[in-house]
Every structure is written in structure tokens, then in C-alpha cells.
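Asks: Have a look at this one before I ask anything.
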Amino acid sequence: MTKIVRHLRGDESGQIIVLVAILMVGLVAVVGLVTDGGLVFSQRRDLQNAADAAALAGAMQIDESAYRASSAVVLDERAARQAAVEYLEAEGDITYVVVVRPARVEVSVSRRASTGFLQVIGIDSFEISAGASAAPRHGVASAQP
């Protein structure tokens, strides 16, 4: 009987390698999700900043002659679109849509966000998008310091 137990016990050598290999795949997947999740989130934040800045650049383009004549803030639609598009073109590899309405500039942007660890399992990139809108304003909103 002791001989059989020793024989069965001796056959367990190398089984831990299979367990480690399976757990290693799970560990790499979790590390990849954490690392690439942070990377994609950072790229999404940068894309949102670009959308916000482009919308604000467009909203700053007011019709000066209308403002001087009546003190009414009116958006110069052509200049607003041009300013937003120029800003987005300077950003680089961005797909964008700029919609200029009489009182608002709306910007939608998207791009491919690259990954690092997840490329090992075949996920090279994600599509990320952001949007922003801005309206022309004048004066001081609050006199508090």
C-alpha cells in the first residue's frame, strides 16, 4: 500500500506548471485591462479637451458689427466654424463634425485609441469619442473673487 501511495505521489511532479500557465493568462489579462484601461481613459480625456477647446474657439467668434450696433452677442457662423475646424485640424488624427447654429457651436470628435498589453490577445485599439458645445457670452458672470 505504501508503495502505491509513493508511486501516485511521485506522478504529481510538473502539474503545478499547468496551473501556473492557466493563472498567468488570467494575470496578464487583468494587468492588460488595468493598464490599457488607464491608457484609453487618458486618451479619452485628451480628446474631450480637444472638443471643448474647439467649441470654445468657435464660440468666441462673435459678429462685431452686430455687437457694436446693438450690444447683442451674435455668433459669426462662418468664422466660428472656421476657428473650430482649424483647431481640430491642428490636433491631428481626429475625425470630427462641427455644427454651427445661430447661438451655439457643437463639436463631435472621435479617434482610435491604441492599446499596449491587450495587443497580445488581438485588441489593437478602441474607438473613442467626445462631444462639446459652447455658446458666445460677454461680460462678467460673477463679481465675486
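The values are calculated or read from the model by the stated rules, or taken from the named source; none is laboratory data. All figures in this text were calculated on a predicted structure; none of them were measured in a lab. Here the Cβ is made from the backbone with ideal geometry for all residues, glycine too, and neighbour counts use every protein chain on show.
Asks: From the set of residues in segment 118-137 that are hydroxyl-bearing (Ser, Thr, Tyr) and closer than 27 Å to Thr35 by Cβ, which is surrounded by the most Cβ atoms within 10 Å (Cβ to Cβ)?
Replies: The residue in question is Ser125.
Asks: Are there any pairs with C-beta distances below 6 angstrom linking a residue in segment 97-109 that is at pLDDT 90 or above to a residue that is assigned to a strand (DSSP E or B) and charged (D, E, K, R), with the two at least 6 apart or on different chains, and if so which?
Replies: Val99/Glu106
Asks: Scan segment 47-56 and tell me whether some residue there is at pLDDT below 85 and of a type in the set (A, V, I, L, M, F, W, C). It would help to see each step written out before you state the result.
Replies: Restricting attention to segment 47-56, the residues satisfying the condition of being at pLDDT below 85 are none.
No - not one qualifying residue is present in segment 47-56.
Asks: Determine the pairs where a residue that is over 22 Å from Gln82 (Cβ atoms), located within segment 37-64, has a partner that is basic (Lys, Arg) with Cβ atoms under 8 Å apart, the partner being 6 or more residues away or on another chain.
Replies: Correct list of pairs: Gln43/Arg111.
Asks: Here are the criteria: (1) assigned to a strand (DSSP E or B); (2) without any contact (Cβ under 8 Å) to a residue 24 or more places away in the chain. Tell me which single one Arg68 does not satisfy.
Replies: Condition (1) is where Arg68 drops out.
Asks: For Val85, indicate whether it is assigned to a strand (DSSP E or B) and at pLDDT 90 or above.
Replies: Criteria not met by Val85.
Asks: Ok, one more. When you go through Val97, Val30, Val74, Val105 one by one, which is the residue that is more than 17 Å from the chain's Cα centre (by Cα), of a type outside the set (Phe, Trp, Tyr) and under 30 Å from Gln119 (Cα atoms)? Lay out the reasoning, then the answer.
Replies: Details: Val97 fails: more than 17 Å from the chain's Cα centre (by Cα); Val74 fails: under 30 Å from Gln119 (Cα atoms); Val105 fails: under 30 Å from Gln119 (Cα atoms).
It is Val30.
Asks: Consider only pairs whose beta carbons are under 8 Å apart and that are at least six residues apart or on different chains; among these, list those whose first residue lies in segment 127-139 and is within 14 Å of Asn49 (Cβ to Cβ) and whose second residue is part of a strand (DSSP E or B) and modelled with pLDDT under 90.
Replies: From residues that are within 14 Å of Asn49 (Cβ to Cβ), the pairs are Ile128/Ala113.
Asks: Scan segment 58-66 and tell me whether some residue there is in contact with a helix residue (DSSP H, G or I) (Cβ under 6 Å, 6 or more places away or on another chain) and among the aliphatic types (A, V, I, L, M).
Replies: Checked against the condition, which is being in contact with a helix residue (DSSP H, G or I) (Cβ under 6 Å, 6 or more places away or on another chain) and among the aliphatic types (A, V, I, L, M), segment 58-66 yields no hits at all.
Asks: For segment 42-51, how many residues are crowded, with 17+ Cβ neighbours inside 10 Å and either among the basic types (Lys, Arg) or closer than 12 Å to Val98 by Cα (or both)?
Replies: 1
This table checks each residue for (1) farther than 30 Å from Val31 by Cβ; (2) of a type outside the set (Gly, Ala, Ser).
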residue: Gly58; (1), (2): yes, no
residue: Val73; (1), (2): yes, yes
residue: Ser108; (1), (2): yes, no
residue: Leu118; (1), (2): no, yes
residue: Ala134; (1), (2): yes, no
